[in-house]
Amino acid sequence: SARRNTAEGRALEADAVRRVLSMIDVDDGATIKCLRDWKKRYQSILGGYKNWLRSRADKFAITDTEDTCFIVTRTGESLPHDFPKDRRCWRRGVKRAWRS
């Protein structure tokens, strides 16, 4: 979007980058979450969440999962070994939650 290159768009993008990186850190190196207010706050300027993440390959890496979801990590960092690659495998998720 042309608005992405405005001062407002750059500030919004910097905020989104900061928030996604924080989410990754809070979730121990990887997240499957989307920013809660993405559609309301960011989408009109930055576009769809996954497409925006792809456009920021300098910051984020995307790993597609078996259940049509995706996992976001920092670029250059490995996916945590115990991170479930298929959310339908609920036992692994429960074990990971108890260790946190």
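The values are calculated or read from the model by the stated rules, or taken from the named source; none is laboratory data. Small disclaimer: the values here were computed from a predicted structure and weren't measured. When we count neighbours, we look across all protein chains shown, and the Cβ atoms used for this are built from the backbone with ideal geometry, even at glycine. The accessibility values were calculated without ligands, DNA or RNA, using every heavy atom of the protein model including side chains. Shrake-Rupley method; radii C 1.70, N 1.55, O 1.52, S 1.80 Å.
Just give me the residues in the stretch 8-36 being of a type in the set (Gly, Ala, Ser) and under 11 Å from the mean Cα position of the chain (by Cα), in sequence order. I'd like the intermediate steps shown before the answer.
Of the stretch 8-36, the ones of a type in the set (Gly, Ala, Ser) are 9, 11, 14, 16, 22, 29-30.
If the condition is that a residue be of a type in the set (Gly, Ala, Ser) and under 11 Å from the mean Cα position of the chain (by Cα), then ALA16, SER22, GLY29, ALA30 are the ones that fit.
Could you tell me whether the stretch 26-36 includes any residue that is at pLDDT 95 or above, among the hydrophobic types (A, V, I, L, M, F, W, C) and surrounded by 12 or more Cβ atoms within 10 Å (Cβ to Cβ)?
Filtering the stretch 26-36 down to residues at pLDDT 95 or above leaves none.
No: the stretch 26-36 contains no residue that is at pLDDT 95 or above, among the hydrophobic types (A, V, I, L, M, F, W, C) and surrounded by 12 or more Cβ atoms within 10 Å (Cβ to Cβ).
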In this structure, does GLY76 turn out to be at pLDDT 90 or above, within 30 Å of ARG10 (Cα to Cα), part of a loop (DSSP other than H, G, I, E, B) and in contact with a strand residue (DSSP E or B) (Cβ under 7 Å, 6 or more places away or on another chain)?
no
Taking the stretch 38-85, which residues are in contact (Cβ under 8 Å) with a residue 40 or more places away in the chain and open to solvent by less than 30 Å² (accessible area, probe 1.4 Å)?
ILE45, LEU46, GLY47, PHE60, ILE71, VAL72, THR73, PRO80, PHE83
Hey, among the residues in the stretch 22-52 that are out of contact with any Pro (no Cβ under 9 Å at 6 or more places or on another chain) and of a type in the set (Gly, Ala, Ser), which one's farthest from LEU79 (Cα to Cα)?
SER44
Identify the residue in the stretch 1-25 that is open to solvent by 70 Å² or more (accessible area, probe 1.4 Å) and under 30 Å from PRO80 (Cα atoms) and, among all such residues, is modelled with the highest pLDDT.
ARG18
